[in-house]
Amino acid sequence: MFQDVSQTESPSDLPAFLQKRQKLTLDYNRSCRLDTGNPQSVLHVVGTALKAKLNRSAPPSSKFFSVKCTSNVRYIISPPPQETSHLSPIPLSENSVLLISMNYASQYENDAKLSVRYYGENNDVLGRAVLHLTAVEISLDVDADRDGRVERNNPNKVSWKWGPDGHGAILLVNCDSEKIFKKKPDHEKDYVSTVSDLKDMSVMVLRTKGPTKLPEGYKLTMHISQGDAESVRVFRSRSSNVVNNSLEKLFQRFVKDYPLVLSSEVLSQEVPYVGGEAEMNLYVEGLRFPDKDFDGLLTINLSLLEPICAGLPETPIFTDKVVFRVAPWIMTPNTLQPVEVFVCSTSDNYQFLKGMKNLVAKSGYKLKICHEYLNRGDRWMQDELEFGYIDSPHHRFPVVLDSPRDGKLQDFPYDELLGPDFGYVTRVAQEKDVSSLDSFGNLEVSPPVTVNGKKYPLGRIIIGVAFPTATKGRNMTKVVQDFLWAQKVQEPIALFSDWLLVGHVDEFMTFVPAPDRKGFRLLLASPDAGYKLFRGLQYDGHGQAQLFEGLRDEKPMTVDEILNDESLKAENNYVQSCIDWNRDVLKRELGLDDDDIIDLPILFKLEEEKNKQYRAVAYYPDMVNMIVLGKNLGIPKPFGPKVNGRCALEAEMCSLMGGLGLSCTFIDDFASYHKLLGEVHCGSNVRREPFDFQWWNLQM
């Protein structure tokens, strides 16, 4: 049955009429040509509008028109005609436009119809244009509201917004490996090898509804831009009956069940239209993390193409799109719960290893020892790698960041850590650009802080660089810095660490949990605190108490000798000024007060390098360079002056930490680490639980 009642809402009503779909499409209306000579067959997408200029197709001398349609068609006339009988023709003007839509999908081809009659001055019929309409519903859907489910037609799927009231789909870099042997990160292969690989990907659903097939020549095509192609890959699911028991053929059949749709080699590909009401699952795989040249945002498009004639390319008549943001790599601070501790076993670190085993066992965590056949004598576990993780509403897993330092531990992160649900990422720098500052003792992260009202619920990354005025200083290599800054969610802070011989921030600072204030304390090495402690010992008559007492091949030094060494005092005045500069930066950038900071009594000395520069090393084991395991601290044994049989430095440390409810375990690392310019933290690493806070809820 035809409907001949004109719907004459004004154009201002149109957004209400098409409000939902307008947000989802690139162009919510498209031009439609009327032809009084030949009936037209048109494929229409529900939720959009067809726009026909009535005067363009009108026969000469046309003055009026009328519209009739079947019940499943809606139309709007613009400009709206004056009130007339629905049987009366409507005056035709130069600007007369007909907006046509359908409310639901067709069951079969051309099951709807609209006609326009044109009349002359005396209401004589001059011509009739007929549209045969077929309606389909098409929607490309993602988890835009971040609840772990792919909802239908979310109006916010085409954009990204940070915050708890934000929106936008999230994509993980598929950087773990489903293989254990002959492994490589999953994103380096262009096929799906196991079902478990799919959980690392984000589900995208193509929903369609309509006739059993599209009209002849029409097709659906998915496409991405050349700029996004290096960062994303898309597979689709299709059913398949496996009847052959050969493992090789099973694998081949499985791979065929998830054909590749889009990649860097395939920017556009047709996807099947399944008749009736259907859903097709697609799996989106991230290939790279945000970086200097990639902001993390990706767009995937789905277009309905219309044939023109044989030999000519099809033209898009409808495009739906979705936006993903690639999840950032996130570091974990000392205040988060440990999961497992990593150390190296070498031919000379028995005492250190014994102390670490006792500490980890007492703390109740796992200890993983990298034996010498793997570490090849490289004991600096902290310097080779940094643990972090990636997170999305549907999945999360740890990801190790491999340092460009590439010592003899260089294969450990890839060979021993990469695996199922354990990802791997690295940044490769030219060898000439790599310095000691690229070791990850020079990469730390603060606990959550609030600075001038701005919240950093995931903390802030901390790195060490050369002093701003230095012309020949060492810096963390640019590719690593670019990577860290691009993650956005833990905005980095650059400290001055080039004054140290090794040059790592963990030589003068760390964070420990606390039951009050901000939930943590910043511990800073302090020569001033060291001299104050030694002067107190001297005042109390312990000037002859010795440092390094009982250590083989180490000359004991008395408290009096240290206090009388003017050169050492001048060197420590310089060191204190460097630390104070960093103290001010940390107070400002982390929103700290002096009460949030504890000064540890640590002295340094300057060593002359080949280039005649002087840089600092710890005079005795550097107690700030510790491992934090919940309320248990593993601290380098300082071998300080003894008073009444107890090391005065240990006693001071226990007093400072005891007030926070923390327990101190002193580990002998003197010969195997301190003498080699490192300490407990340098020789260990901790993988920790992720934050409860979800990074996409950040207010940016």
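Quick note: the coordinates plus some simple rules give every number you see, no bench work behind them. Model, not experiment: these values are computed from the prediction. Methodologically, a virtual Cβ is constructed for each residue, glycine included, from the backbone with ideal geometry; neighbour enumeration extends over all protein chains shown.
Considering only His674, Cys175, Leu551, the residue lying farthest towards the positive end of the dipole of the chain is Cys175, judged by Cα position with unit charges set on Cβ.
Using the Cβ-Cβ distance between Asp565 and Leu267 with R0 set to 60 Å, the FRET efficiency from 1/(1 + (r/R0)^6) comes to roughly 0.30. Once C-alpha pairs closer than 8 Å and six or more residues apart are averaged by separation and normalised to the residue number of the range 296-441, the relative contact order reads 18 percent.
Each listed q (0.18, 0.23 Å⁻¹) maps to a log10 I(q)/I(0) for the range 538-594, found by the Debye formula over equal Cα scatterers with no solvent: -0.77, -0.88.
Under the rule of -39500 (n - 2.57) per DSSP H run of 4 or more residues, summed and divided by the residues of the chain, what mean residue ellipticity at 222 nm is obtained, to the nearest 500 deg cm²/dmol? The per-residue figure over the chain is -4500 deg cm²/dmol. Among Ser684, Asn632, His371, flag the residue with its Cα farthest along the positive direction of the charge dipole of the range 330-697, charges on Cβ as +1 for Lys/Arg and -1 for Asp/Glu. Positive-most Cα among the choices belongs to Asn632.
Rounded to the nearest 20 debye, the dipole magnitude of the range 142-326 is 420 debye, with +1 charges on Lys and Arg beta carbons, -1 on Asp and Glu beta carbons, and the Cα centre as origin.
Cβ-to-Cβ counts within 10 Å put Trp695, Trp499, Trp162 in ascending order as Trp162, Trp695, Trp499, the fewest first. Charge dipole of the chain (Cα centre as origin; +1 on each Lys and Arg Cβ, -1 on each Asp and Glu Cβ, all else neutral): 1760 debye, rounded to the nearest 20.
Restricting the trypsin sites (Lys or Arg not before Pro) of the range 545-617 to loop positions (DSSP other than H, G, I, E, B) with no more than 15 neighbouring Cβ atoms within 10 Å leaves Arg552, Lys610, Lys612. Of the trypsin sites (Lys or Arg not before Pro) in the range 460-514, the ones in a loop by DSSP (not H, G, I, E or B) with at most 10 other beta carbons within 10 Å are Lys472. Taking a ≥ b ≥ c as the square roots of the Cα gyration tensor eigenvalues, the range 327-376 comes out oblate, since a/c reaches at least 1.5 and a/b does not exceed b/c. Placing dummy labels 7 Å off each Cα toward the beta-carbon, the span from Lys454 to Ser88 is 6.5 nm. Could you check how many percent of all C-alpha pairs in the range 349-457 are farther apart than 19 Å? Considering the range 349-457, 59 percent of its Cα-Cα pairs are separated by more than 19 Å. Between Asp35 and Tyr191, the contour length at 0.36 nm per residue exceeds the Cα-Cα span by 51.3 nm.
In terms of overall dimensions, the C-alpha atoms belonging to the range 330-697 reach 65, 49, 45 Å along their principal axes, ordered largest to smallest. Were the residues from Asp528 through Ser577 laid out at 0.36 nm apart, the gain over their Cα-Cα distance would be 16.6 nm.
Summarising the label geometry, the points placed 7 Å from Cα in the beta-carbon direction at Lys488 and Lys256 lie 4.2 nm from one another. Using only alpha carbons, the range 453-597 has a radius of gyration to Kirkwood radius ratio (Rg to Rh) of 1.05. Each Cα pair under 8 Å and six or more residues apart adds its separation to the average, and for the chain the resulting relative contact order is 11 percent. Shown here for the range 295-375: chymotrypsin sites (Phe, Trp or Tyr not before Pro) in loop regions (DSSP other than H, G, I, E, B) with at most 14 other Cβ atoms within 10 Å, of which there are none.
Sorting Tyr104, Tyr75 from the fewest to the most surrounding beta carbons within 10 angstrom yields Tyr104, Tyr75.
Look at the alpha carbon pairs under 8 Å that are at least 6 residues apart: their mean separation over the length of the range 580-641 gives a relative contact order of 20 percent.
For Asn95 and Asp124, what is the calculated FRET efficiency with R₀ set at 22 Å and r taken between the beta-carbons, to the nearest 0.05? Efficiency, from the Cβ-Cβ distance: 0.40.
Label zone of Gln226 (point 7 Å out along Cα→Cβ, amide N under 20 Å): in the range 262-287 this covers 262-270.
The residue list Pro468, Leu417, Ser497 was ranked by how far each Cα lies along the charge dipole of the range 399-520 toward its positive end, using unit charges on Cβ atoms, and Pro468 comes out on top. Over the range 401-467, the reciprocal of the mean inverse Cα-Cα separation, the Kirkwood hydrodynamic radius, stands at 14.3 Å. The alpha carbon convex hull volume per residue for the range 142-326 rounds to 155 Å³. Gyration tensor over the Cα atoms of the range 123-213: the corresponding equivalent ellipsoid has semi-axes (square roots of 5 times the eigenvalues, largest first) of 43, 20, 10 Å.
Strictly greater than 43 Å: what percent of every Cα pair in the chain meets that? Percent of Cα pairs beyond 43 Å in the chain: 44.
When the alpha carbon coordinates of the range 638-700 are projected onto the principal axes, the ranges are 54, 31, 20 Å, largest first.
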